[in-house]
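Working notes, structure below.
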Amino acid sequence: MSEVVSLLQDLICADTVNPPGNETRAAEILREYLEDSGVRCDLYARWAERANLVARIPGRGTGPSLMLLSHTDTVLADPAEWTVDPWSGEVRDGHVWGRGTLDMKGQVAASAVALATLAREGFRPTGDLVFAATADEEFGEGEVAGLPWLCEEYPEAVRCDFAINEGAGDRVEIAGKVLYLCAAAEKMSSPFVVRVRGRSGHASMPSIAENALVKAAPLIERLGAFSSTPRLGPETEAFVRAVTGAVPPAAEALEAARAVDPVAAEMLEPLLTMTVAPTMIEASKKRNVIPALAEVIVDCRLLPGQTQEEAETEVRAWLGDDGYELEWREGQGGTRSPLETPLWDAVASFVAEEEPGAVAAPICTAGFTDSHWLRDAFGTVAYGFFPLRAMSAELASRLIHSADERIPVSDLELGVRFLRHVARAMGEIRG
Ligand SMILES: [Zn+2]
């Protein structure tokens, strides 16, 4: 059995469902594996059972450093929904099955194998090749044990010029073209609260009060229909060019993509504008009391680079000025990396070599990953890319965080080839 499969099986058997995480189990497996290949490892733990592992092949010169970044925690799994035991790592039908195979112990294992095999071959890059398998990515609320904590407490352990992380790598066919998507930017998760005030009173006499919940209703409806002016960023522009062969004005981009392939339009739509979706509401705590206050929590995703001030102007223009207060909650993410970089060239050359005719296309993701912390702390150029060729993007997105998560063995091996390719390409650059 291949090295990457058996390492992944060991990682799957180590239950690291977060919470509570217990990522030290995974860190110890990785340490033992890497030290056998002569790679030095360090464990960093805010809490003993939640260790992060950082390993490196030191650079021989002053070239740029490259990090292979991944997280070892997973979301939970309900065995009753699964065909196999989610912590078995069983190999069946050419796939490794188990919680975390796609998100993202498969990439953890492939990164470790890339590092170990390069180390055994005596690989000496010009700059450090770093492998970080971090804790606590999936939950990430309150006091965290993973990458943001490392950036704060041990910046020298995780500082890097370039990084490859999760986020994309899917192979999509659009209008006869094969694209491998590479995540270069993330939208900012930036929730806000819409607060509506009224006057409380006994619910048996509605007319004496002013019901804040009822006053909130038209605002909720209006928020549900929110639309904003589309704009193109560098990633969406490059994506549209890859798909349609041209760059139309932002307002026409969606139609141009749809004309080529509805799938392209579906992918593009949330990336052209900020989005707004009311998701939670709080009003009276008692059935017989008319609420004086209603709070609507609104999920809002800003385009990378878009500020809350700009967004607030748009939301207020949409809702009108009166009858509510708007308050932002803390935003998260919203960073991007440039596309004209040697790391991009390394991704693109791998795709061209692996599948002639296919191209790498940048994408901005609607979700949040740990890439944000590196970009924010060190200005790292970070991309989300782990190629999946045998498994369709559609199936992968259905299995992530769901039952019967699995990864084709051939895609694990593809991932190892990719990570070795990137490490070699970046390891030749002179500082
Ligand atoms: Zn993940």
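When the residues of region 119-150 are filtered to those that are more than 16 Å from the ligand (Cβ to nearest atom) and acidic (Asp, Glu), the one that is most open to solvent (accessible area, probe 1.4 Å) is Glu143. Condition check for Lys105 on (1) surrounded by fewer than 22 Cβ atoms within 10 Å (Cβ to Cβ); (2) part of a helix (DSSP H, G or I); (3) of a type in the set (D, E, K, R); (4) within 16 Å of the ligand (Cβ to nearest atom): one failure, at (1). For the structure I just gave you, tell me whether Thr275 is hydroxyl-bearing (Ser, Thr, Tyr) and free of Cβ contacts under 8 Å to residues at least 40 places away in the same chain. Considered against the rule, which asks whether it is hydroxyl-bearing (Ser, Thr, Tyr) and free of Cβ contacts under 8 Å to residues at least 40 places away in the same chain, Thr275 comes out as no.
Checked against (1) within 30 Å of Asn165 (Cβ to Cβ); (2) out of contact with any strand residue (DSSP E or B) (no Cβ under 7 Å at 6 or more places or on another chain), Arg301 passes all but condition (2). Put simply, of Val178, Val214 the only residue that is touching a residue at least 40 places away in the same chain (Cβ under 8 Å) and either of a type outside the set (D, E, K, R) or part of a strand (DSSP E or B) (or both) is Val178. What about Glu166, is it within 16 Å of the ligand (Cβ to nearest atom), open to solvent by less than 80 Å² (accessible area, probe 1.4 Å) and in contact with a His (Cβ under 7 Å, 6 or more places away or on another chain)? When the stated conditions are applied, Glu166 does not pass them.
Of the residues in region 363-384, at least one is surrounded by fewer than 16 Cβ atoms within 10 Å (Cβ to Cβ) and closer than 21 Å to Gln107 by Cα. When the residues of region 73-102 are filtered to those that are part of a strand (DSSP E or B), open to solvent by less than 60 Å² (accessible area, probe 1.4 Å) and not aromatic (Phe, Trp, Tyr), the one that is nearest to Pro20 (Cα to Cα) is Thr74.
This table checks each residue for (1) over 25 Å from Gly427 (Cβ atoms); (2) within 23 Å of the chain's Cα centre (by Cα).
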| position | (1), (2) |
| --- | --- |
| Pro19 | yes, yes |
| Val54 | no, yes |
| Arg60 | no, no |
| Asp85 | yes, no |
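Restricting attention to region 106-160, the residues that are among the charged types (D, E, K, R) and touching a His at 6+ places or on another chain (Cβ under 9 Å) total 3.
Glu221 fulfils the conditions (1) farther than 28 Å from Glu330 by Cβ; (2) open to solvent by 70 Å² or more (accessible area, probe 1.4 Å) except for a single criterion, (1).
The values are calculated or read from the model by the stated rules, or taken from the named source; none is laboratory data. Nothing here was measured: the structure is a model prediction, and the numbers come from that model. Here Cβ is always computed from backbone atoms with ideal geometry, including for glycine, and neighbour counts include all displayed protein chains. Heads up: the accessible areas ignore ligands, DNA and RNA and are worked out on the full protein's heavy atoms, side chains in. Shrake-Rupley method; radii C 1.70, N 1.55, O 1.52, S 1.80 Å.
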